[in-house]
Amino acid sequence: MSEEKVHCLIIGAGPAGYTAAIYASRAGLKPLMYTGKTPGGQLTITNDVENYPGYPEGINGPMMMEDFRKQAERFGTVIRYEAITKVDFTGPQHKAWDESGKCILADSVIIATGASAKWLGIPSEQKYMHSGVSACAVCDGFFHRGKEVAIVGAGDTACEEASYLAKICKKVYMIVRREEMRASQIMQKRVLNTPNIEVLWSTETDEIFGENGVEGVRVKNSITGATRELAISGFFVAIGHKPNSDIFQGILDMDENGYLKTVPGTSRTNVEGVFACGDVQDHVYRQAVTAAGTGCMAALDAERYLAAREVAV
């Protein structure tokens, strides 16, 4: 089995990973990046991005990630379009194995594997992914100003996003699978007291339809069996995210949902020399700009860690 030594290994390639790569490269850390299965992360399924500074006309999500990639490569980041499948952080040098079986020996590791949105699993969900279906109301709600939309979910995040949509949309249908929500009482009260939010209790999504993007959704009452078609322009899924942290189970500290824990105000994990940034450690904000910010933090933390250990770069 072949081995390769690097000063900085970056696992993941979204806004956090690419930003970490840019900073690490400019600091002379000569980072090696493994992109994983979806280079660009959730931005690859985001059509128009209008809330990231520096793009006054907005930008297509995949194109934005291409810009990030080019900038990282410009400063010397080596990018490999493979996944890391196993890690061992117990020794003086951190070890990671890629899909080919090569072992990477890293003085520092930056984890930027992100999180994946949970979906309902219906075929039309994927069909309209770039034309009306979204997992982020804050990202895409703007495109449905003054229109009617639907959102699926019953937790605090769903309530928060429904409330956000209600401020800019004509009407919001909130599809709740059971007869009650699991959201906190204060969030439920906020939703139920908002005039243009209609909660559809004991209701499941049957199918999304439309000729030119999302034009409606058919829902079914699980108690009566009655179906109903709602005329909407946007369909938002807010049933949670799953952090891509499985390979770190039992190695790094994480919360009950699998989000990596970092020391507040830093990107440091419980293992020295291992840093986490982006959505794999952020279940609150989950925005491209905040992910990029923590990517910057991780690179600076890694640089300072190596300098303190007097690792020659």
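The values are calculated or read from the model by the stated rules, or taken from the named source; none is laboratory data. Owing to the predicted nature of the structure, the values given are computational and were not obtained by experimental measurement. All Cβ positions, glycine included, derive from the backbone under ideal geometry; neighbour counts span all protein chains shown.
Taken over the range 173-195, the criterion of being farther than 16 Å from Ile239 by Cβ and not basic (Lys, Arg) is satisfied by Glu179, Ser184, Gln185, Ile186, Gln188, Leu192, Asn193, Thr194, Pro195. Scanning the range 167-189 for residues that are more than 19 Å from Leu120 (Cβ to Cβ), in contact (Cβ under 8 Å) with a residue 24 or more places away in the chain and either of a type in the set (A, V, I, L, M, F, W, C) or not assigned by TED's automatic domain parsing to the domain that holds Gly141 (or both) returns Ile168, Cys169, Met187.
Here is a yes/no grid of residues against (1) under 24 Å from Gly258 (Cβ atoms); (2) in contact with a helix residue (DSSP H, G or I) (Cβ under 9 Å, 6 or more places away or on another chain); (3) not in a helix (DSSP H, G or I); (4) not assigned by TED's automatic domain parsing to the domain that holds Asp282:
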residue	(1), (2), (3), (4)
Ile104	yes, no, yes, no
Ser108	yes, yes, yes, no
Glu125	yes, no, no, yes
Val149	no, yes, yes, yes
Glu161	yes, yes, no, yes
Leu165	no, yes, no, yes
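From the list Leu200, Leu165, which residue is aliphatic (A, V, I, L, M), surrounded by 14 or more Cβ atoms within 10 Å (Cβ to Cβ) and more than 26 Å from Asn51 (Cβ to Cβ)? Just a single option satisfies the conditions, and that option is Leu200.
For the range 79-109, filtering for residues that are crowded, with 22+ Cβ neighbours inside 10 Å and touching a Leu at 6+ places or on another chain (Cβ under 7 Å) leaves 5. Against the list (1) in contact with a Phe, Trp or Tyr (Cβ under 9 Å, 6 or more places away or on another chain); (2) touching a residue at least 40 places away in the same chain (Cβ under 8 Å); (3) of a type in the set (Asp, Glu), the condition Glu198 fails is (2). Highlighted here are the strands (runs of 3 or more DSSP E) found entirely within the range 209-313 that include at least 3 residues which are touching a residue at least 40 places away in the same chain (Cβ under 8 Å), within 30 Å of Val49 (Cβ to Cβ) and in contact with a strand residue (DSSP E or B) (Cβ under 8 Å, 6 or more places away or on another chain): 234-237, 241-243, 274-276. Among the residues of the range 231-238, none qualifies, meaning not one is at pLDDT below 95, under 21 Å from the mean Cα position of the chain (by Cα) and either surrounded by fewer than 22 Cβ atoms within 10 Å (Cβ to Cβ) or over 30 Å from Leu260 (Cβ atoms) (or both).
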